[in-house]
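S.K.: Structure in C-alpha cells, see below.
The values are calculated or read from the model by the stated rules, or taken from the named source; none is laboratory data. All of these numbers come straight from a predicted model, not from anything done at the bench. Reconstructed Cβ throughout: ideal geometry from the backbone, glycine too, with neighbour counts over all protein chains shown.
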Ligand code: SF4
Ligand code: SF4
C-alpha cells in the first residue's frame, strides 16, 4: 500500500470521526430498541440449558467483510488499541469463531465495530421495529453500505446529514 499524504491522512481521520459519531447514534438507537437480550439471547440460553450462545456472531465478520481500504485499516488500528487484537482474546469453550465474542457477555466492542456488525439486525428484529414501533426505515443493507461509505468518504455530505437525522428520528419513536 502506498504511503498516505498528509491530506489523505487528515481525510481518513475526519471520515473515522464521522463513522464513530454515527456509531454512537446507532448505539443509542439499539439501546432504546432493547430487543436482543429478552427476545433472542435469554430464550436461546434457556433452550441451551443456560450454556453460552453465539446468536448472530457466527463469523469473524471483521475479517471477512471489511474492505481493503486505508480508512478500514485506521478503524482496525483504533479498535485494537482500545480492545486488543483478535489474537489477544481466547475463551475456554468459545461459542463463536469471532475472538471478540465473550461467551458470557457478548461482543467486547462497545465501539469501533465493523460496519456489518454495527448495522446488522436480523429479520425478526426488523419485523418488531415495523410491527411494534412503526419504524419502516431501518434497512440493514442500506445502513451497512452507508456506514462503509461514511468510512471511505464516498457518502455525499447531504446524504450523510440525512442519514444521521434518520437515526435520530427513528430513536425518538421509542
Ligand atoms: S440481531 Fe437478531 S439474531 Fe442477533 S442477537 Fe439480536 S435478535 Fe438475536
Ligand atoms: S465483532 Fe462483535 S458483533 Fe462482530 S461478530 Fe464479533 S462479537 Fe459479534
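S.K.: Can you find, within region 55-74, the residue that is surrounded by the fewest Cβ atoms within 10 Å (Cβ to Cβ) among those that are under 19 Å from residue 87 (Cα atoms) and near ligand 2 (Cβ under 8 Å from one of its atoms)?
M.R.: 58
S.K.: Given the structure, is residue 18 within 19 Å of the chain's Cα centre (by Cα), touching a residue at least 24 places away in the same chain (Cβ under 8 Å) and closer than 19 Å to residue 171 by Cα?
M.R.: The answer is yes for residue 18.
S.K.: With in a helix (DSSP H, G or I), touching a residue at least 60 places away in the same chain (Cβ under 8 Å) and away from ligand 1 (no atom under 16 Å from the Cβ) as the only criterion, which of 165, 124, 148 stands out?
M.R.: Of 165, 124, 148, the one residue that is in a helix (DSSP H, G or I), touching a residue at least 60 places away in the same chain (Cβ under 8 Å) and away from ligand 1 (no atom under 16 Å from the Cβ) is 148.
S.K.: Working carefully through the options 98, 40, find the one that is within 16 Å of ligand 2 (Cβ to nearest atom), under 24 Å from residue 147 (Cα atoms), surrounded by 15 or more Cβ atoms within 10 Å (Cβ to Cβ) and modelled with pLDDT of 95 or more.
M.R.: Testing whether each residue is within 16 Å of ligand 2 (Cβ to nearest atom), under 24 Å from residue 147 (Cα atoms), surrounded by 15 or more Cβ atoms within 10 Å (Cβ to Cβ) and modelled with pLDDT of 95 or more leaves just 98.
S.K.: Can you name the number of the only condition in (1) out of contact with any strand residue (DSSP E or B) (no Cβ under 9 Å at 6 or more places or on another chain); (2) within 16 Å of ligand 1 (Cβ to nearest atom); (3) in contact (Cβ under 8 Å) with a residue 24 or more places away in the chain; (4) over 20 Å from residue 23 (Cβ atoms) that residue 52 fails?
M.R.: Only one criterion is unmet by residue 52, namely (1).
S.K.: Might you check whether a residue that is over 18 Å from residue 12 (Cβ atoms) and in contact (Cβ under 8 Å) with a residue 40 or more places away in the chain occurs anywhere in region 69-87?
M.R.: Checked region 69-87: no residue is over 18 Å from residue 12 (Cβ atoms) and in contact (Cβ under 8 Å) with a residue 40 or more places away in the chain.
S.K.: Just to be sure before I move on: is residue 90 surrounded by fewer than 18 Cβ atoms within 10 Å (Cβ to Cβ), in a loop (DSSP other than H, G, I, E, B) and within 17 Å of the chain's Cα centre (by Cα) in the structure I sent?
M.R.: Spelling it out, it is not the case that residue 90 is surrounded by fewer than 18 Cβ atoms within 10 Å (Cβ to Cβ), in a loop (DSSP other than H, G, I, E, B) and within 17 Å of the chain's Cα centre (by Cα).
S.K.: I've got another one for you. Among the residues of region 43-54, how many are assigned to a loop (DSSP other than H, G, I, E, B) and surrounded by 14 or more Cβ atoms within 10 Å (Cβ to Cβ)?
M.R.: Of the residues in region 43-54, 3 are assigned to a loop (DSSP other than H, G, I, E, B) and surrounded by 14 or more Cβ atoms within 10 Å (Cβ to Cβ).
S.K.: Check whether at least one residue in region 112-122 is within 25 Å of residue 36 (Cα to Cα), within 11 Å of ligand 2 (Cβ to nearest atom) and out of contact with any helix residue (DSSP H, G or I) (no Cβ under 8 Å at 6 or more places or on another chain), and report yes or no.
M.R.: no
S.K.: Can you report the number of residues in region 1-34 which are surrounded by fewer than 17 Cβ atoms within 10 Å (Cβ to Cβ) and farther than 24 Å from residue 71 by Cα?
M.R.: Selection size over region 1-34: 4.
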